[in-house]
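Working notes, structure below.
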Amino acid sequence: MLAGDVKKKADGEYFIETRPPTTVPVFKGDTYSNGLQTVLWGARREADGEEEQAYQYLLVYPLAVARLFPRLRSQIDKAQKDTGSTVGYTNSNLALYLQGGLEQINGFQPLTQLTFQTFPIPAFGQLLIDAATLVAMYSQGVFAIDTDMSYSDQGFSFVIDHWSKISGFIGMLNSRLETRLHAFKLAYASMGSLHAEMGPNFRLTQLLTAAPSGSLFRGIFST
């Protein structure tokens with residue numbers, strides 16, 4: 001990305017304009033295909049000072065994805081946690097879970113290359129929600145492994161065990177998704193037929209090929 005792509009809004013405020021996901025260059029010298037951009041910011045505190053650099057990742061998704069946020073949040077965050085704190089799910093989390101869910105669906109045989117723009121959300125939106133939920137549960141499972149604990153002292157015991165319940169839910173959801181994905185991917189399976197014509201001497205040819213050398217069939221000597 002060249003410096004010309006950065007625009008000044010006010011003193012100390014700069015911005016870049018994003019565009020919908022595409023496979024053609026968006027910024028000069030930069031290409032991306034799934035809406036994920038890597039931006040390298042460079043700035044100097046003084047005109048002749050040392051340049052400081054920092055990376056920032058931008059995920060550009062179509063409006064149809066944002067419309068799935070309330071449904072996904074309602075399914076995985078029943079407590080409706082405060083997304084402004086360290087708990088709950090931010091919009092960035094939800095977007096990444098949906099991206100992971102879409103990749104799970106594409107990776108199921110037969111392989112597809114569906115995007116958020118081409119995925120049939122009106123008919124199979126819940127399938128995408130469930131796939132995103134599975135990805136979210138992976139994250140929850142890792143967190144549970146790190147935080148679950150047991151404590152006992154003088155006959156009193158205290159056990160926090162989220163992982164066993166999360167792993168059971170992951171297994172159930174994975175089984176459910178596999179069944180639904182089989183039906184979903186039938187629409188993308190290649191349908192074809194094989195037609196073979198055998199000559200009038202096909203059986204004889206097969207017999208002669210399989211017969212040991214020296215066999216005699218009504219005057220025909222097999223070599």
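Shape index of region 63-188: Rg/Rh, with Rg the Cα radius of gyration and Rh the Kirkwood radius from the inverse mean 1/r over Cα pairs, equals 1.06.
For region 141-188, the mean projected area of the C-alpha convex hull, equal to one quarter of the hull surface, is 4.1 nm². Between Q154 and L114, the simple label model (points 7 Å from Cα in the Cβ direction) yields a spacing of 5.9 nm. Could you give the length gained on full extension between I170 and T209, defined as 0.36 nm per residue of separation minus the Cα-Cα distance, in nm? That works out to 8.5 nm of additional length.
Read-outs throughout are calculated quantities, based only on the coordinates presented, and are distinct from any laboratory measurement. These figures come from a predicted structure and were not determined experimentally. FYI the Cβ positions are ideal-geometry reconstructions off the backbone, even for glycines, and counts take in every protein chain you see.
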